[in-house]
Amino acid sequence: MEFNEISWLVLAALAIGLVVQLWLEKRHITYIRAHRDKVPDAFADKIPLDAHQKAADYTIAKTHLGIASTLLSTGILLLWIFGGGLELLDTAWRSFAWSNILTGTALILSFMLIGSLIDIPLSLYSTFVLEDRFGFNKMTGKLFIVDMLKGIALAFLIGTPLILAVLWIMEKSGSLWWFYVWAVWMGFSLLMMWAYPKFIAPIFNKFQPLEDKELKDRITALLERCGFASNGIFVMDGSTRSGHGNAYFTGFGANKRIVFFDTLIKSLSADETEAVLAHELGHFKRNHIKKSIALMAAMSLAGLAILGWLIENPAFYSGLGISSVSTYMGLLLFMLIVPLFTFFISPLFSAFSRKNEFEADDYAKQQSNAKDLVSALVKMYEENASTLTPDPLHSAFYDSHPPAPVRIARLQGV
Ligand SMILES: [Zn+2]
């Protein structure tokens, strides 16, 4: 391979991004350690010291694992690109002398498969060592393997037609291919959002309609008050895998669903559950889902337009260790290096997400009771061992949700 301006640009983004990430993680750990021995004043009467310390230790352990994972994936990316890994895989598939579309599909699928095999050790460690040490893991070895096999089978089943279609468009549809690929990609994403709750999530989890009569009546009343039509309220058996609890809102059009983890239903009172649901409805009512889709559409269109230009440029391939130019390799290289650059604008997306959380909280405050939402949040922080004292800069960069003290102070109108 030859080092050209593309190689240096990619290496520079990789190095700067890595330094920024490690620096933020180090700050995060130092900050949490410094605040480990005292529950923040606002929570002093709500969260016991041992729970606060457990959250600190858990967050620090997860951050260490995150650092290991970052270093590992950086090393693997270097091996794929500058170590000749992709070139080797490409040469192997080219030896079958299939069409470009088939060779490319085989290359991308095998690349994904190798990636998910490399991820297994860290994922095993995370589930059976780290989560287990803090009492969260409920997963058995058998379930882990079954989940993994299902995940891989599903990725092949859904990924193969998508990759074939994208590569076919890239080969056959002329210079505006990137626009057609974008249209297919958006259609695919919307289809997945629609299909996920009804057809994909049940492959992994069981979903039961909410049965608790009292809770159901209250929730139905809330939904009516908010003018919200959904395809049901479901309880998911999250406890078969983990002690972490959550609630979310999923689906699209008439396929909208509200899902509570069974772990959460168990620990929250009816008042608190209603307040959490009002927050989730706030996301819908304030059009956060539509806004996120619009943002994703704009980002992917910009990305594909850049790829449309790069893919014609031989320096793009040679600078990244590839000797034979092909549309499929252009696509794969692009998918590999894009995250190195989007990392630097990720704080904007985190800020957007936190703004949405505040709006959803405001909505919940109007439709339900702020006090109940606060006590629900405190329970969720405690039971999930989420830290109350993240490093402010780390939080600003990464967190999709505002730090607990900020969020709760706002709910209490302080
Ligand atoms: Zn939210």
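The values are calculated or read from the model by the stated rules, or taken from the named source; none is laboratory data. A quick note: this is a predicted structure, and the numbers were derived from the prediction, not measured. With ideal geometry, Cβ positions are generated from the backbone for all residues, glycine too; neighbour counts draw on all protein chains shown. The area values use the complete protein model at the heavy-atom level, side chains included, leaving out ligands, DNA and RNA. Shrake-Rupley method; radii C 1.70, N 1.55, O 1.52, S 1.80 Å.
Residues considered: I158, I169. Of these, the only one that is surrounded by 13 or more Cβ atoms within 10 Å (Cβ to Cβ), within 20 Å of the chain's Cα centre (by Cα) and modelled with pLDDT of 95 or more is I158. Considering region 260-289, the residues that are more than 18 Å from H401 (Cβ to Cβ) and of a type in the set (V, I, T) include one that is nearest to the ligand (Cβ to nearest atom), namely T273.
R354 fulfils the conditions (1) surrounded by 17 or more Cβ atoms within 10 Å (Cβ to Cβ); (2) among the basic types (K, R); (3) away from the ligand (no atom under 16 Å from the Cβ) except for a single criterion, (3). Across region 54-73, the number of residues qualifying as within 30 Å of V325 (Cα to Cα) and either open to solvent by less than 20 Å² (accessible area, probe 1.4 Å) or among the aliphatic types (A, V, I, L, M) (or both) comes to 2. When residues in region 331-351 are screened for being touching a helix residue (DSSP H, G or I) at 6+ places or on another chain (Cβ under 7 Å), open to solvent by 30 Å² or more (accessible area, probe 1.4 Å) and β-branched (V, I, T), 1 of them pass. For region 371-414, the candidate set comprises residues that are surrounded by 18 or more Cβ atoms within 10 Å (Cβ to Cβ) and among the β-branched types (V, I, T); within that set, the residue that is farthest from L277 (Cα to Cα) is T389. Being in contact (Cβ under 8 Å) with a residue 40 or more places away in the chain and either out of contact with any strand residue (DSSP E or B) (no Cβ under 8 Å at 6 or more places or on another chain) or more than 30 Å from G243 (Cα to Cα) (or both) is true of H28.
Restricting attention to region 6-53, the residues that are among the charged types (D, E, K, R), open to solvent by 70 Å² or more (accessible area, probe 1.4 Å) and more than 23 Å from S73 (Cα to Cα) add up to 7. A247 satisfies every condition listed in (1) closer than 18 Å to E211 by Cα; (2) more than 14 Å from the ligand (Cβ to nearest atom) except (2).
Within region 29-46, does at least one residue satisfy the condition of being small (G, A, S) and at pLDDT below 95?
Checked region 29-46: at least one residue is small (G, A, S) and at pLDDT below 95.
Among the criteria (1) open to solvent by less than 70 Å² (accessible area, probe 1.4 Å); (2) more than 20 Å from the chain's Cα centre (by Cα); (3) free of Cβ contacts under 8 Å to residues at least 40 places away in the same chain; (4) under 30 Å from R286 (Cα atoms), the one E211 does not fulfil is (1).
Is it the case that region 307-330 has a residue that's under 30 Å from F134 (Cα atoms), open to solvent by 30 Å² or more (accessible area, probe 1.4 Å), in contact (Cβ under 8 Å) with a residue 24 or more places away in the chain and polar (S, T, N, Q)? Looking through region 307-330, none of the residues is under 30 Å from F134 (Cα atoms), open to solvent by 30 Å² or more (accessible area, probe 1.4 Å), in contact (Cβ under 8 Å) with a residue 24 or more places away in the chain and polar (S, T, N, Q).
Among residues of region 357-375 being over 23 Å from Y398 (Cα atoms) and hydrophobic (A, V, I, L, M, F, W, C), the one that is nearest to the ligand (Cβ to nearest atom) is A364. Consider N137 carefully, then state whether it is in contact (Cβ under 8 Å) with a residue 60 or more places away in the chain and within 21 Å of the chain's Cα centre (by Cα). Yes: the conditions hold for N137.
Of all positions in region 290-300, at least one carries a residue that is within 16 Å of the ligand (Cβ to nearest atom), closer than 30 Å to L215 by Cα and open to solvent by 10 Å² or more (accessible area, probe 1.4 Å).
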